[in-house]
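K.L.:
Please find one structure pasted underneath; my questions will follow.
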Amino acid sequence: MRNDASLESVELRVLRLSLAAVWLLTALASLWELNGQSLALLRQAGIHDLRLARLLVIAGAGVDLLLGLALWRWPGRLSYGLAALGMLAMTGVASWLLPSLWLDPLGPLLKNLPIAALLWLLWKRAAR
């Protein structure tokens, strides 16, 4: 029978890997929809320069990819802190460009609240 510490370790690993999947799959979805939803959102935000819009999407996908890989491969306070900073920065930019995303029924920005809570929990439990 397992003790509480090993169960907690398994649970924390599941949380960490689920967050890594969010970032990795978001990077993939952003690039997959580069000429579709991704550009449409930026046009909606008033960014009509196609080259700039594509650059922003690719840069955002790159950040998502790096954060997802960091959470997957190098768990620890540094990865959790960087993921939190990245999430806060992207949430801030999205809120500035399209504040209406906070009211979207699918919650593209609201989902960042539980993500922040999970990152805080992982950061708090990580070895110092």
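K.L.:
Scan L34, L39 and give me the residue that is over 15 Å from the mean Cα position of the chain (by Cα), of a type outside the set (S, T, N, Q), assigned to a loop (DSSP other than H, G, I, E, B) and at pLDDT below 95.
P.N.:
On inspection, the qualifying residue turns out to be L34.
K.L.:
Can you go through L109, L119, L88 and tell me which one is at negative phi, surrounded by 15 or more Cβ atoms within 10 Å (Cβ to Cβ) and part of a helix (DSSP H, G or I)?
P.N.:
That would be L119, the only listed residue that is at negative phi, surrounded by 15 or more Cβ atoms within 10 Å (Cβ to Cβ) and part of a helix (DSSP H, G or I).
K.L.:
Against the condition more than 20 Å from A117 (Cα to Cα) and either among the acidic types (D, E) or assigned to a helix (DSSP H, G or I) (or both), how does L78 come out, does it pass?
P.N.:
no
K.L.:
Being under 11 Å from the mean Cα position of the chain (by Cα) and in a helix (DSSP H, G or I): is that true of G60 here?
P.N.:
yes
K.L.:
Which of the residues that make up region 11-60 are open to solvent by less than 70 Å² (accessible area, probe 1.4 Å) and either of a type in the set (V, I, T) or in contact with a Gly (Cβ under 9 Å, 6 or more places away or on another chain) (or both)?
P.N.:
L19, A20, A21, V22, W23, L24, T26, A27, S30, S38, I47, V57
K.L.:
Hey, another quick one. Which of the numbered conditions does P75 fail, given that it passes all the others? Conditions: (1) at pLDDT below 95; (2) surrounded by fewer than 14 Cβ atoms within 10 Å (Cβ to Cβ).
P.N.:
(2)
The values are calculated or read from the model by the stated rules, or taken from the named source; none is laboratory data. Values in this document were obtained by computation on a predicted structure and should not be read as measured data. Using ideal geometry, Cβ is built from the backbone for each residue, glycine included, and neighbour counts are taken over all protein chains shown. For accessibility, only protein heavy atoms count, side chains too; no ligands or nucleic acids. Shrake-Rupley method; radii C 1.70, N 1.55, O 1.52, S 1.80 Å.
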